[in-house]
Amino acid sequence: MNETGRTAAVDRAALLEVFLIEAQECLLAMKQALGELQARPQDEGQVQVLFLMARTIAGSAPSLGLQGAAELAHALQDVVQRVREHSLPVTDVLIALLRRSVDRLREVLPLMGP
C-alpha cells in the first residue's frame with residue numbers, strides 16, 4: 001500500500017472512531033428522550049431531540065459505508081417527522097416501536113466497547 005493509501009485508511013479509521021462515539025451519544029440521547037416522551041407525550045422538545053439524533057446518524061453514516069445504519073436512521077427520522085407535523089400521535093405503541101428501532105440501530109452500528 002502506498003503512502004496515500006495508508007493515509008486514507010488512517011483518516012477513515014479516525015473518522016469512523018469519531019462517528020461511532022457520536023452515534024453512541026446520539027443513541028443514548030434518543031433512549032432518554034423516549035423515556036421522557038412516554039411520560040409527557042406532548043413534549044415537543046423530546047421529539048426534536050429524537051429527530052436531530054436520527055438525522056445526525058442518517059447524515060453521517062453513508063460517508064463511512066454504513067448504508068444499513070443510514071437507511072434505518074432515515075426511516076426513524078421519517079417517523080419522528082410525522083410526529084413533529086402532528087400527523088402521527090405519540091402512543092405507547094409508537095414509543096415501543098421507536099425503542100425497538102433505536103435498539104436495532106445500536107445493533108447495526110459497529111459500536112466500540114460493550
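Report, by residue number, each residue of segment 1-36 that is at pLDDT below 80 and either of a type in the set (F, W, Y) or in a helix (DSSP H, G or I) (or both). E3, T4, G5, R6, T7, A8, A9, V10 - these are the residues of segment 1-36 that are at pLDDT below 80 and either of a type in the set (F, W, Y) or in a helix (DSSP H, G or I) (or both). Each residue in segment 30-65 was checked for being among the hydrophobic types (A, V, I, L, M, F, W, C), within 12 Å of the chain's Cα centre (by Cα) and crowded, with 17+ Cβ neighbours inside 10 Å, and 9 of them qualify.
In the set (1) in a helix (DSSP H, G or I); (2) at pLDDT below 95; (3) out of contact with any Asp or Glu (no Cβ under 8 Å at 6 or more places or on another chain), S60 fails one condition alone, (3). Note on segment 104-113: residues that are surrounded by 13 or more Cβ atoms within 10 Å (Cβ to Cβ), modelled with pLDDT of 90 or more and not basic (K, R) amount to 1. Cβ separations smaller than 7 Å between residues 6+ apart or across chains give the following pairs from segment 23-50 residues that are without any contact (Cβ under 8 Å) to a residue 60 or more places away in the chain to residues that are surrounded by 20 or more Cβ atoms within 10 Å (Cβ to Cβ) and of a type in the set (S, T, N, Q): A33/Q46; E36/Q46; L37/Q46.
The values are calculated or read from the model by the stated rules, or taken from the named source; none is laboratory data. These numbers come from a predicted model, not from an experiment. Note that we place each Cβ from the backbone using ideal geometry, even for glycine, and neighbour counts take in every protein chain shown.
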